[in-house]
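Q: First the structure, which I've put down as structure tokens, then a few questions once you've had a look.
The values are calculated or read from the model by the stated rules, or taken from the named source; none is laboratory data. Just so it is clear, the model here is predicted, and its values are computed rather than measured. All Cβ positions, even for glycine, are placed from backbone atoms using ideal geometry, and neighbour counts span all protein chains on display.
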Amino acid sequence: MALTGLQINKLLPGTNCKECGSNTCLAFAMKLAARKAELAECPYASEEAHRVLGEATEPPVRSVPFGPNKSLIAGEETVLYRHEKTFVRPTIIALHIFEEDDDIIFEKKLQAAMNYSYERVGETFQIDCIALSCNVNFDAFINRTEKIWKQSSKPVILKCDNLDTIRVVSEKIAGSGSILCCNVKNCDAMVEIAIKYDFAIAITADTHDELFEKAKELREKGFMRLFLQFPTNSLSEQFQMNTIVRSAAIRNGVKPLGFPFLRFIRTGNMLDDTVEAVTEILKYGGIIVLPDYDPALLASLFTLRLNIFTDPQKPIQVEPNIYSIGEPNRKSPVFVTTNFSLTYFVVSGEIENSGTSAYLVVPECEGMSVLTAWAAGKFTAAKIAGFIKEQNVGDLVDKKRLIIPGYVAQLSGELADELPGWEVLVGPQDASDMESFVKSRL
Ligand code: SF4
């Protein structure tokens, strides 16, 4: 829970020496409470102050880094609903290779996990880790794990209760920052291995109480690289459990529950698998492990994830710039649109699909779509013309033709006045009509 300025003041030396830049310790405490200063600015702050303030400022759902060089992070969430601020760490998507998968399927899944790439609105998504499970054939498990790490450099989620095997395999993939799955019974030994190799653990139990107690114990011992796997028997229970646990961590500050979740998806039914995966993305999943490689499902899940894990206060935007579509030359037309990512990618895609090469002028519009930017005064004739002049767009083409979005046709007269020598054409309202516009007007 956040501390107030008065509570923080009690932890400070009270000498008012001003070395932190504030006139009094209380003024400094107020700045700390408002997160406008760092405790390190007070050279006399006690260890106790550092400890208490450190705990008070940690996010209610702890950040759990893992992977090589701790390149992946789960958790670090501070709100229950995205509109309260933003969700921070997108649900990590992993692919499960089962013990019963034969060598051909193993190879196919490994290659798929390594090569899968999905691009949307300028962002590229990939499968971030691979899970491997084993109950019987430990030698094959060791060999496969080693192969996964060597070939993909991705962390492995290891699901195997045989401690000797886990010790051997952990040695072989040291440096991978992998995750060991365990239950409350073998947890202590797994934690020892995890500490030795700098791995995280994902703990489960037969009951929720047992899981809570073990998480509490590990937390008190200082082991924080922890994922929680709550046992549930139905979709509704999964939904309720994730919501209750996250709410307890964020609203009530229940620290043993303030860790990200890991969930293996396998219902035996593709539709149910999809619903489970969607539920995890919508409701606080830290890592989901998919049972099969299905590029269509992955594309849907990554798109959903993108929608949930974007900051609602910051529209996704592209850099204001002059973009080349195809191979424009001095005869090419010049289109203009806003820097809202979705608008940019739809318009640029449709220009490309029309078969023409062109320049696409994208002025700063604070990531708003065409009509919103126009209504907010960010996409006006003066601003568009100013950007075109500033960027010397006229020097790129001999025939100066500027195509504006059909939704802002009313800007055409003003733009013609602002840009002498340019012919201003009103383009289609809907980008999907771009091809017919290009063919009939250019
Ligand atoms: S440096 Fe520390 S002791 Fe000095 S005024 Fe600031 S908070 Fe108080």
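Q: Restricting attention to region 221-238, which residues are within 14 Å of Arg263 (Cα to Cα) and crowded, with 17+ Cβ neighbours inside 10 Å?
A: Of everything in region 221-238, those that are within 14 Å of Arg263 (Cα to Cα) and crowded, with 17+ Cβ neighbours inside 10 Å turn out to be Leu226, Phe227, Leu228, Gln229, Phe230, Gln238.
Q: Among Asp164, Asp198, Asp188, Asp209, which is the only one that is of a type in the set (Asp, Glu) and under 17 Å from Leu132 (Cβ atoms)?
A: Just a single option satisfies the conditions, and that option is Asp164.
Q: Sticking with this structure for a sec: Report, ordered by the first and then the second residue, all pairs with beta carbons closer than 6 Å, sequence separation of six or more or different chains, a first member in region 55-76 that is more than 24 Å from Gln7 (Cα to Cα) and in contact (Cβ under 8 Å) with a residue 40 or more places away in the chain, and a second member that is among the hydrophobic types (A, V, I, L, M, F, W, C) and surrounded by fewer than 19 Cβ atoms within 10 Å (Cβ to Cβ).
A: Pro65/Ile73
Q: Give the number of residues within region 416-427 that are surrounded by 19 or more Cβ atoms within 10 Å (Cβ to Cβ) and under 20 Å from Val347 (Cα atoms).
A: 2
Q: While we're here: Check whether at least one residue in region 42-53 is within 16 Å of the ligand (Cβ to nearest atom), in contact with a Cys (Cβ under 6 Å, 6 or more places away or on another chain) and outside the structural domain of Leu282 (by TED's automatic domain parsing), and report yes or no.
A: For region 42-53, residues within 16 Å of the ligand (Cβ to nearest atom), in contact with a Cys (Cβ under 6 Å, 6 or more places away or on another chain) and outside the structural domain of Leu282 (by TED's automatic domain parsing): present.
Q: Name every residue in region 327-349 that is touching a helix residue (DSSP H, G or I) at 6+ places or on another chain (Cβ under 6 Å) and surrounded by fewer than 21 Cβ atoms within 10 Å (Cβ to Cβ), in order of residue number.
A: Val346, the sole residue that qualifies.
Q: What is the residue count in region 3-21 for residues that are near the ligand (Cβ under 7 Å from one of its atoms) and either surrounded by 19 or more Cβ atoms within 10 Å (Cβ to Cβ) or modelled with pLDDT under 90 (or both)?
A: 2
Q: Can you report the number of residues in region 72-85 which are assigned to a loop (DSSP other than H, G, I, E, B) and touching a Phe, Trp or Tyr at 6+ places or on another chain (Cβ under 8 Å)?
A: 2
Q: Follow-up question, since we're still on this one. What is the residue count in region 28-41 for residues that are within 8 Å of the ligand (Cβ to nearest atom) and either surrounded by 15 or more Cβ atoms within 10 Å (Cβ to Cβ) or within 23 Å of Gly253 (Cα to Cα) (or both)?
A: Within region 28-41, residues that are within 8 Å of the ligand (Cβ to nearest atom) and either surrounded by 15 or more Cβ atoms within 10 Å (Cβ to Cβ) or within 23 Å of Gly253 (Cα to Cα) (or both) number 2.
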